[in-house]
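The values are calculated or read from the model by the stated rules, or taken from the named source; none is laboratory data. What you see is a predicted model; the values in this text were computed from it and never measured. Cβ coordinates were reconstructed from backbone atoms using ideal geometry, including for glycine residues, and neighbour counts include every protein chain displayed.
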Amino acid sequence: MSDVTDALRSLLVDGDLTCLVSDALDRGGAMGAAVRSVWSGARFVGEAVTVRTFGTDLSAVFDAIQAAGPGSVVVIDSHGVTNAAFWGERTTRAAMARGLVGAVIDGACRDVTAIGKLGFPVFSTAITPNAGLPGGRGAVNVPVAVGGMTVRPGDVLVGDENGVVVIPLERQGEVLGKVRAQMEAERLAFQAADRGESAPPEGNERTVSK
C-alpha cells in the first residue's frame, strides 16, 4: 500500500471524498451511476486487483482474493452479466481474512444483508440470489472495464455514497495534492457562505481569500 493511498484513506472520515477526487481529475474519473454500494455508508480507498470473468464463472474472483495484499480492492469486470452473482458472503469473509478493504463489481452481488452486517464495502451494478459457478476460467490483474472506466492493476479506487472514482497509478501524487488544496479552499468558501457572503461557483473555491 502506497503513502498516497494511506493519505487518501485518512481523508475518508471527512465525507464525500469521491467528489473532491473527481474534481481533482478535471471533474471526471467516476464510474457510471449504476455502480452503487450494496449497504448505506460504505466507503473505502484501496489499490485495484482486477478480475475479468468468463460467463458466469467466478473462479478468478477467488484467485484474485488470494493474490491480493492487505488494503486492496477487488475490481470485477463481468462483461455485463447480472443473472449470476460474482460476490457474496463467502468471498467477503475470505477478503476480510486477507485484509482487503472493498470490492467493486460491474455485475451482480448477493448476500447483501450478511455483507452489510459484516461491514465490508461492496459496490455493484446489480443484485441477484443466483450464484456464479466455478469453472477455472477468467483472468486476474489485467486491464478491465468497470462502470465505463478502465481500471488497471495498482490504480487507486475511492468509494463512498456518491459512487466510485478511479485514480490512475501515474496521477496519484498529483491528485492527492489537488484534493488537499481543494479541502482548504472549500473550508474558506464554506466559512464565507455561513457568514452570508457570496460564495463562488463550485470548483472555483480557490479564489476565496482569507
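Here are 57, 106: which of them is of a type in the set (Asp, Glu) and surrounded by fewer than 24 Cβ atoms within 10 Å (Cβ to Cβ)?
57
Only one of (1) touching a helix residue (DSSP H, G or I) at 6+ places or on another chain (Cβ under 6 Å); (2) modelled with pLDDT under 95; (3) of a type outside the set (Phe, Trp, Tyr) is not met by residue 49, so which one is it?
Of (1) touching a helix residue (DSSP H, G or I) at 6+ places or on another chain (Cβ under 6 Å); (2) modelled with pLDDT under 95; (3) of a type outside the set (Phe, Trp, Tyr), only one is false for residue 49: (2).
Exactly one of (1) surrounded by 23 or more Cβ atoms within 10 Å (Cβ to Cβ); (2) closer than 21 Å to residue 160 by Cβ; (3) touching a Leu at 6+ places or on another chain (Cβ under 9 Å) is unmet by residue 14. Its number?
Unmet for residue 14, out of (1) surrounded by 23 or more Cβ atoms within 10 Å (Cβ to Cβ); (2) closer than 21 Å to residue 160 by Cβ; (3) touching a Leu at 6+ places or on another chain (Cβ under 9 Å): (1).
Any residue at all in region 84-96 that's part of a loop (DSSP other than H, G, I, E, B), touching a Ser or Thr at 6+ places or on another chain (Cβ under 6 Å) and farther than 18 Å from residue 152 by Cβ?
Looking for residues that are part of a loop (DSSP other than H, G, I, E, B), touching a Ser or Thr at 6+ places or on another chain (Cβ under 6 Å) and farther than 18 Å from residue 152 by Cβ, one finds at least one in region 84-96, hence yes.
Look through 58, 118, 17 and report the one residue that is closer than 24 Å to residue 171 by Cβ and not β-branched (Val, Ile, Thr).
17
Which residues, counting only those in region 24-45, are buried (at least 20 other Cβ atoms within 10 Å of the Cβ) and more than 14 Å from the chain's Cα centre (by Cα)?
The answer is 24, and nothing else.
From the list 145, 95, 103, 114, which residue is aliphatic (A, V, I, L, M), more than 16 Å from the chain's Cα centre (by Cα) and at pLDDT 95 or above? Give the steps one after another, and end with the answer.
Details: 145 fails: more than 16 Å from the chain's Cα centre (by Cα); 95 fails: more than 16 Å from the chain's Cα centre (by Cα); 103 fails: more than 16 Å from the chain's Cα centre (by Cα).
None of the other options fit; the residue is 114.
Among 27, 36, which is the only one that is among the basic types (Lys, Arg) and farther than 11 Å from residue 164 by Cα?
27
Here are some residues: 71, 88, 119, 135. Which one is surrounded by fewer than 22 Cβ atoms within 10 Å (Cβ to Cβ), touching a strand residue (DSSP E or B) at 6+ places or on another chain (Cβ under 6 Å) and at pLDDT 95 or above? Give the steps one after another, and end with the answer.
Details: 88 fails: touching a strand residue (DSSP E or B) at 6+ places or on another chain (Cβ under 6 Å); 119 fails: touching a strand residue (DSSP E or B) at 6+ places or on another chain (Cβ under 6 Å); 135 fails: at pLDDT 95 or above.
Unique residue meeting the criteria: 71.
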